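Structure first, commentary second.
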Amino acid sequence: MVVHIKNAGRYREIAMALMRHGFGYIVEEISFFQVLSLPRRWITHETGPEAKTLGERIRHVLEDLGPTFVKLGQLASTRSDLLPPGIISELTKLQDQVPPFSPEIARGLLEQELNSPLEELLTEFDDTPLAAASIGQVHIGRLRSGEQVAIKIQRPGISPVIQRDLNILKDFVALAERRWEWVTRYQLQEMVSEFAVSLLAELDYSYEGRNTEKVGLQFAENPEVHVPVIYWDYTTARVLTMEYMDGIMLNQRDVLTAKGYDLGNIAQRLVDSMLHQIFIEGFFHADPHPGNLMVMKNGALAYLDFGMVGRLNEDLKEQLSSLIISLMRKNTEGMVRAIQRLGMIPDGTNMASLRRDLDRIRDDYYDLPFSSISIGQALNDLFGVAQRHQVTMPSDVILLGKALVTLEGVIENLDPSISIIDMAEPFGRKLMREKFSSRRIKGKVLGGITELLETLIDLPGQARLLSSIISKGKLKVEISIPEIEQFEHKLDQITNKLSLSIVLLSFCILMVGLFIGASKMEQVWHVPLLEIGMIIAAFMVLWLIISMIRSRKQ
């Protein structure tokens, strides 16, 4: 492995963190001892009754390595389709808490980003941050126009640190893939690439601003749901200025009760607004934990922090609704079809085993009342099956599962009598009406015809390409038929039915001919031609039936 001199210190920190928490064998396998001159005595072996679990050790490594790795771990906690439950549960415990940077630095960064002295921008600026995290911190201020605002300022120097760590991590995973098969099995390379995109997007505060504004437009006419206004004249990639929200967080249940708020009504509005985002708009807040939700003084429900959002296009919404409906109807084949359309089932997947696992999930929910089923847990159970069979699900669908589980936890704390799946029923009915509406069907038919015409137009070019490949001897043909015995049995049944149909058709044609010519032939030859023909035909049909029965027994 090539270690760049300027990053040698960081490689050493990573290697030491791995060794401290029982992953010394990884350091040894990738020859870090020779490259970084590390003493082998530093290797820690986790043994005995006090030994930590694999998930705990991974969490401690990430926490030791700082912001980049903590953020990646938090993002990885959303991928229940790729990682085992024990690791997921530990990753959800990762804490993103770091000391705030000084108010002098915050003021300087604000002036630098907005190209103006602070006095020209604000009449007030609170030096004590409202909140501090690994990427940035939030200060309260007041614009010269009078609006009170929350200003998120990015931590100085964090961007190059994250870029460096991401490059090192990609090098690690690429090397590990060549060493261990399980790295490929858990698709770590794809996971790191996907998380890198999300993390780099989080460094651009204008991205969060656009997300906030987009969800805000969904509720522009709804006074019961509020999303912060973004002040774009005071926003850049490293500074986000938004409306300051004053109220009570949903994690302060006792305060809400003491103030006389109706917790059931709050829960109803929260579920209804989330389902609207998911099933109607297809663009939703993906992290609705109590710290991101607030009841304002006027009673409106407010959403905060849109750094993590999910998107569902029309096809994803359609297949997701089909998956949930198939689960509720105990339809295994429907679940398999929906998973095939939602995810990517790899070659060689044992479909019989996949169906058995889905049957188990179906049986788990078989006797449960509809209203007592957790829609989030049902989705995560399905994602668990996908993970066992290495089926890659769209990241936004996984985010949805996590968001629903988080939402159900919030609702359970506010009003346990509310069932999300009951409230989701009208949204599901609306989706199904749209799915089979004349407008949707017409669009699909026209789209299919257009695609077919494009394929036909492109056919001569594809034929020339295929001819060229064949002439160069580069054509490879691979035929793979899973469940071969079942396929052969079905093929045999189809062949038998087809043979019987052909013989019966021939018999009918023969009998028609015999009826037409029998009377005249019998007068000339005095032979009972009709009776003889019927006897011969009957023997032929009987022989064919016996042959088919024998072939099925073989």
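At least 3 residues that are closer than 25 Å to GLY291 by Cα and outside the structural domain of VAL70 (by TED's automatic domain parsing) in each: list the strands (runs of 3 or more DSSP E) lying fully within the stretch 121-161 that qualify. Steps first, answer last, please.
Working: elements: 122-125, 136-143, 148-154.
Filter on the stretch 121-161 gives 136-143, 148-154.
Which members of the stretch 227-243 meet the condition of being in contact with a helix residue (DSSP H, G or I) (Cβ under 8 Å, 6 or more places away or on another chain), in contact (Cβ under 8 Å) with a residue 60 or more places away in the chain and part of a strand (DSSP E or B)?
VAL239, LEU240, THR241, MET242, listed by residue number.
Hey, among MET249, MET242, which residue is over 26 Å from LEU122 (Cα atoms), surrounded by 15 or more Cβ atoms within 10 Å (Cβ to Cβ) and modelled with pLDDT of 90 or more?
Details: MET242 fails: over 26 Å from LEU122 (Cα atoms).
Just one listed residue meets the conditions, MET249.
Please indicate, with yes or no, whether at least one residue in the stretch 135-152 is surrounded by fewer than 20 Cβ atoms within 10 Å (Cβ to Cβ) and touching an Asp or Glu at 6+ places or on another chain (Cβ under 6 Å).
yes
Looking at PHE279, PHE219, PHE306, which one is touching a Lys or Arg at 6+ places or on another chain (Cβ under 9 Å), of a type outside the set (Ser, Thr, Tyr), surrounded by 15 or more Cβ atoms within 10 Å (Cβ to Cβ) and over 21 Å from ILE135 (Cβ atoms)?
On the way: PHE219 fails: touching a Lys or Arg at 6+ places or on another chain (Cβ under 9 Å); PHE306 fails: over 21 Å from ILE135 (Cβ atoms).
Going through PHE279, PHE219, PHE306 in turn, just one is touching a Lys or Arg at 6+ places or on another chain (Cβ under 9 Å), of a type outside the set (Ser, Thr, Tyr), surrounded by 15 or more Cβ atoms within 10 Å (Cβ to Cβ) and over 21 Å from ILE135 (Cβ atoms): PHE279.
I'm checking my understanding of the structure. Among residues of the stretch 16-33 that are out of contact with any Phe, Trp or Tyr (no Cβ under 9 Å at 6 or more places or on another chain) and in a helix (DSSP H, G or I), which one is modelled with the lowest pLDDT?
The first filter runs over the stretch 16-33 and keeps only residues out of contact with any Phe, Trp or Tyr (no Cβ under 9 Å at 6 or more places or on another chain), leaving 21-23, 25, 28, 31, 33.
When the remaining residues are screened for being in a helix (DSSP H, G or I), the result is 25, 28, 33.
On the way: TYR25: 75, GLU28: 73, PHE33: 48.
The extreme case among them is PHE33.
Just give me the residues in the stretch 338-350 being over 12 Å from VAL385 (Cα atoms), outside any loop (DSSP other than H, G, I, E, B) and not basic (Lys, Arg), in sequence order.
ALA338, GLN340, LEU342, MET344, listed by residue number.
What is the one condition in (1) in a loop (DSSP other than H, G, I, E, B); (2) touching a residue at least 12 places away in the same chain (Cβ under 8 Å); (3) among the polar types (S, T, N, Q) that SER116 does not satisfy?
With (1) in a loop (DSSP other than H, G, I, E, B); (2) touching a residue at least 12 places away in the same chain (Cβ under 8 Å); (3) among the polar types (S, T, N, Q) applied to SER116, the lone miss is (2).
What are the residues in the stretch 244-259 that are polar (S, T, N, Q), free of Cβ contacts under 8 Å to residues at least 40 places away in the same chain and not in a helix (DSSP H, G or I), if any?
First, pick out the residues of the stretch 244-259 that are polar (S, T, N, Q): 251-252, 257.
Add one more test, that the residue is free of Cβ contacts under 8 Å to residues at least 40 places away in the same chain, and what stays is 252, 257.
Listed by number, the list holds a single entry, GLN252.
Residue under question is VAL229, and the condition is that it be outside the structural domain of TYR303 (by TED's automatic domain parsing), over 27 Å from PHE69 (Cα atoms) and in contact with a His (Cβ under 7 Å, 6 or more places away or on another chain); does it hold?
Working: outside the structural domain of TYR303 (by TED's automatic domain parsing): yes; over 27 Å from PHE69 (Cα atoms): yes; in contact with a His (Cβ under 7 Å, 6 or more places away or on another chain): no.
No; evaluated as a whole, the condition is false for this residue.
For the stretch 211-223, state whether one or more residues are under 30 Å from ALA386 (Cα atoms), assigned to a helix (DSSP H, G or I) and free of Cβ contacts under 8 Å to residues at least 60 places away in the same chain. Steps first, please.
As a first pass, look at the stretch 211-223 and keep what is under 30 Å from ALA386 (Cα atoms): 211.
Going one step further and asking which of them are assigned to a helix (DSSP H, G or I), we end up with 211.
After this cut, where a residue has to be free of Cβ contacts under 8 Å to residues at least 60 places away in the same chain as well, the list is none.
No; the residues of the stretch 211-223 include none that is under 30 Å from ALA386 (Cα atoms), assigned to a helix (DSSP H, G or I) and free of Cβ contacts under 8 Å to residues at least 60 places away in the same chain.
The values are calculated or read from the model by the stated rules, or taken from the named source; none is laboratory data. What you are looking at is a predicted structure, and each value in this text was computed from that prediction instead of being measured. All Cβ positions, glycine included, derive from the backbone under ideal geometry; neighbour counts span all protein chains shown.
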